[in-house]
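The values are calculated or read from the model by the stated rules, or taken from the named source; none is laboratory data. The structure presented is a predicted model; accordingly, all values stated were derived computationally and were not measured. No Cβ is skipped: glycine too gets one built from the backbone with ideal geometry, and neighbour counts run over all protein chains shown. Calculation scope for accessible area: heavy atoms of the full protein, side chains included, ligands and nucleic acids excluded. Shrake-Rupley method; radii C 1.70, N 1.55, O 1.52, S 1.80 Å.
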Amino acid sequence: MIAMTPKYYQLATALREQISSGQLHAGAQLPPEETISKAHQLSRGTVRKAIDLLLQEGLITRHQWRWTF
């Protein structure tokens, strides 16, 4: 049986790749949770969990309700 990768982890991986490739520029704000949610057809809770993972990894920082990397 093949284990499924959680959706929040898949999203975190996609965002991580966008950051490392320069598609998302250093110092820029991430799109709002709602925008990410609609673009990836995920719940905002899933998006928050992915963002929390990137925070823990130190790839992004939080500045008064804004996410930057």
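Starting from the range 49-63, take each residue that is more than 15 Å from Ala14 (Cα to Cα) and open to solvent by 90 Å² or more (accessible area, probe 1.4 Å) and list its partners that are outside any strand (DSSP E or B) and hydrophobic (A, V, I, L, M, F, W, C), counting only C-beta distances under 7 angstrom and pairs at least six apart or across chains.
Taking only residues 6 or more apart or on different chains, the pairs are Arg62/Leu55.
Which condition from (1) touching a Phe, Trp or Tyr at 6+ places or on another chain (Cβ under 7 Å); (2) modelled with pLDDT of 95 or more; (3) not small (Gly, Ala, Ser) is the one that Gln29 breaks?
Here Gln29 clears every test but (2).
Across the range 1-36, what is the total count of residues that are open to solvent by less than 80 Å² (accessible area, probe 1.4 Å), within 15 Å of Glu57 (Cα to Cα) and either of a type in the set (Ser, Thr, Tyr) or over 10 Å from the mean Cα position of the chain (by Cα) (or both)?
Qualifying residue count, the range 1-36: 2.
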